[in-house]
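Since the structure comes first, as structure tokens, the remarks are kept for the end.
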Amino acid sequence: QVQLVESGGGLVQPGGSLRPSCAASGFTFNAYVMTWYRQTPGKERDMVASIDYGGGTKYADGVKGRFTISRDNAKNTVYLQMNSLKPEDTAVYYCKVTVRGREYWGPGTQVTVSS
């Protein structure tokens, strides 16, 4: 079965960096688009970045130039390098894949940016 597990979140000061990762299993990883989302309490889950099977990337306007999404197909893992973090980046970060029309989500990893 499809499984996604995020890790690598944590507490960081403003201006710092984190690199959460998402380990995938149960599907042909290198054939699917992988997407990172984030969510804060009381708000909808918003797309942060996506990467397709060819390495093409897309980013939300608020993270362009600060975040970089990448994938390692040999490890079935997608990463989100987050630099110059701001307090407004505080959220639970999730990865998602859509396989045969069904969405699968990981449990999320908390990122807190605070001094």
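Electrostatic tally near PRO14: other residues with Cβ closer than 14 Å to its Cβ, Lys and Arg +1, Asp and Glu -1, net 0. The stretch between SER84 and LYS43 holds 12.5 nm of extra length on full extension. This uses 0.36 nm per residue minus the Cα-Cα distance. Give the Debye-formula value of log10 I(q)/I(0) at each listed q (0.10 Å⁻¹), with one equal scatterer per alpha carbon of the chain, two decimals each. Taking Cα atoms of the chain as identical point scatterers yields -0.26. Heavy-atom accessible surface of the chain, averaged per residue, reaches 54 Å², computed with a 1.4 Å probe.
Take every DSSP beta bridge whose two residues both sit in the range 10-115; close to 90 percent of them are antiparallel. Solvent-accessible area of the chain (1.4 angstrom probe, protein heavy atoms only): carbon and sulfur portion equals 45 percent. Considering only alpha-carbon pairs that sit under 8 angstrom and 6 or more positions apart, the relative contact order computed for the chain is 37 percent. Taking the Cα centre of the chain as origin and assigning +1 to Lys and Arg Cβ atoms and -1 to Asp and Glu Cβ atoms, the resulting dipole is close to 120 debye.
The values are calculated or read from the model by the stated rules, or taken from the named source; none is laboratory data. Fair warning: this is a prediction, and the values are worked out from it, not measured in the lab. Note: ideal-geometry Cβ built from the backbone for every residue, glycine included; neighbour counts use all protein chains shown. Keep in mind that these areas ignore ligands, DNA and RNA; they rest on the heavy atoms of the full protein, side chains included. Shrake-Rupley method; radii C 1.70, N 1.55, O 1.52, S 1.80 Å.
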